[in-house]
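Accompanying notes for the structure given below.
Values in this text are rule-based calculations from the coordinates and carry no lab data. In this text the structure is predicted, and so the values were computed from the model without any measurement. FYI the Cβ positions are ideal-geometry reconstructions off the backbone, even for glycines, and counts take in every protein chain you see.
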Amino acid sequence: MIEFINCSKQYPNGTKALNNVNLKIEQGEMVAIIGLSGAGKSTLIRCINQMIPITSGECLVDGTDVSKLKGKGLRRFRRNIGMVFQSFNLVTRTTVLKNVLAARVADL
């Protein structure tokens with residue numbers, strides 16, 4: 001389960017990307033997040049794996065508050081999350097398998 005409880009994200013320049021978001025996604029549930037450009041969709045998703053840390057609130061994944069994870073604990077958590085980015089930074093002159101394995105080198 002993924003749960004956002006009163007989550008907010010405010011950037012240093014004062015821009016609010018998320019404002020007290022409350023959302024619960026149950027295991028196995030399929031959800032589409034839609035909205036205008038700049039509405040905070042990508043920010044919301046990136047908060048799940050702490051690519052963008054929330055300013056306040058809680059982001060729980062299976063009961064774990066990911067905003068409290070650091071270092072090795074955060075890396076261990078991220079191993080279980082798959083994300084497909086709009087602009088994924090793959091090395092074009094190699095295979096998909098080698099791209100994926102290159103990302104795992106830090107874990108060896």
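Among the residues of the range 46-76, which ones are over 21 Å from residue 33 (Cβ atoms) and either hydrophobic (A, V, I, L, M, F, W, C) or buried (at least 17 other Cβ atoms within 10 Å of the Cβ) (or both)?
Those that are over 21 Å from residue 33 (Cβ atoms) and either hydrophobic (A, V, I, L, M, F, W, C) or buried (at least 17 other Cβ atoms within 10 Å of the Cβ) (or both): 69, 74.
Mind listing whichever residues of the range 51-77 are without any contact (Cβ under 8 Å) to a residue 12 or more places away in the chain and either in a strand (DSSP E or B) or hydrophobic (A, V, I, L, M, F, W, C) (or both)?
Hits for the range 51-77 are 51, 65.
With the requirement that a residue be in contact (Cβ under 8 Å) with a residue 12 or more places away in the chain and surrounded by fewer than 16 Cβ atoms within 10 Å (Cβ to Cβ), what does the range 9-45 give you?
Once the filter is applied, which keeps residues that are in contact (Cβ under 8 Å) with a residue 12 or more places away in the chain and surrounded by fewer than 16 Cβ atoms within 10 Å (Cβ to Cβ), the range 9-45 yields 10, 20, 22, 23, 24, 25, 26, 27, 33, 45.
Based on what the data block shows, is residue 48 in contact (Cβ under 8 Å) with a residue 40 or more places away in the chain, of a type in the set (A, V, I, L, M) and within 15 Å of residue 6 (Cα to Cα)? Before you say what the answer is, go through the steps one by one.
Working: in contact (Cβ under 8 Å) with a residue 40 or more places away in the chain: yes; of a type in the set (A, V, I, L, M): yes; within 15 Å of residue 6 (Cα to Cα): yes.
So residue 48 fits the description; yes.
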